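For reference, the structure is listed below as structure tokens.
The values are calculated or read from the model by the stated rules, or taken from the named source; none is laboratory data. All values derive from a computational prediction rather than experimental measurement. Cβ placement follows ideal geometry from the backbone for every residue including glycine, while neighbour counts extend to all protein chains displayed.
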Amino acid sequence: MRLRQQGIGLIELLVVLAILGILASVLLPGYQDHVLKSYRAEAMQALLKVAGLQEMLLVDQQRYSADLTELGFAAKQFVTESGRYKISAVVTEQGYQLRAQAQQAQAEDKSCQVFLLNNYGQKSSEPASVCWSY
């Protein structure tokens, strides 16, 4: 009487591990790229919020402010909730320009390092110019 072998063998286990390794190497970079792109919305949202507050300040005090504490933030420049973008403002005679600079893990998003928004509602980004259309 011959006993039937139970379980999986070493060769089968190695084949499964090889398949999992190949899948991970193909899928992980795409997933990481998707995560970086999804955080771009955080920069856009923060800039639009600050722009709205700048316009409220203009209505109340007939001026814009480069100091974001005047708009209710804790510091002159602030970091978004996730820590992925630093938000700052520059005020000129013509108006303001808001800037969201990628930092920490978001600095890996090489095509969209900086988001810009001015008082005319013009949106741009650096180095690629298509980041707002995501």
Do any strands (runs of 3 or more DSSP E) lying entirely in the stretch 22-133 carry at least 2 residues that are among the small types (G, A, S) and in contact with a Phe, Trp or Tyr (Cβ under 9 Å, 6 or more places away or on another chain), and which ones are they? 85-91, 96-102, 123-127
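Based on what the data block shows, is I87 touching a helix residue (DSSP H, G or I) at 6+ places or on another chain (Cβ under 9 Å) and aliphatic (A, V, I, L, M)? Write out each step before concluding.
Values: touching a helix residue (DSSP H, G or I) at 6+ places or on another chain (Cβ under 9 Å): yes; aliphatic (A, V, I, L, M): yes.
Judged against the criteria, I87 is a match.
Going residue by residue through the stretch 108-115, is there one that turns out to be in contact (Cβ under 8 Å) with a residue 60 or more places away in the chain, of a type in the set (A, V, I, L, M, F, W, C) and either under 30 Å from P29 (Cβ atoms) or in contact with a Ser or Thr (Cβ under 9 Å, 6 or more places away or on another chain) (or both)? Let's see the steps before the verdict.
Taking the stretch 108-115 as the starting set, the residues that turn out to be in contact (Cβ under 8 Å) with a residue 60 or more places away in the chain are 108-109, 112, 115.
Pick out the ones that are also of a type in the set (A, V, I, L, M, F, W, C) and you get 112, 115.
Now drop any that are not either under 30 Å from P29 (Cβ atoms) or in contact with a Ser or Thr (Cβ under 9 Å, 6 or more places away or on another chain) (or both), which leaves 112, 115.
Yes - at least one qualifying residue is present in the stretch 108-115.
Among the listed residues R99, R84, which satisfies the condition of being crowded, with 18+ Cβ neighbours inside 10 Å, closer than 15 Å to L53 by Cα, charged (D, E, K, R) and at pLDDT 90 or above?
R99
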Only one of V15, V59, V35 is closer than 30 Å to L98 by Cα, free of Cβ contacts under 8 Å to residues at least 24 places away in the same chain and more than 26 Å from the chain's Cα centre (by Cα). Can you tell me which? V59
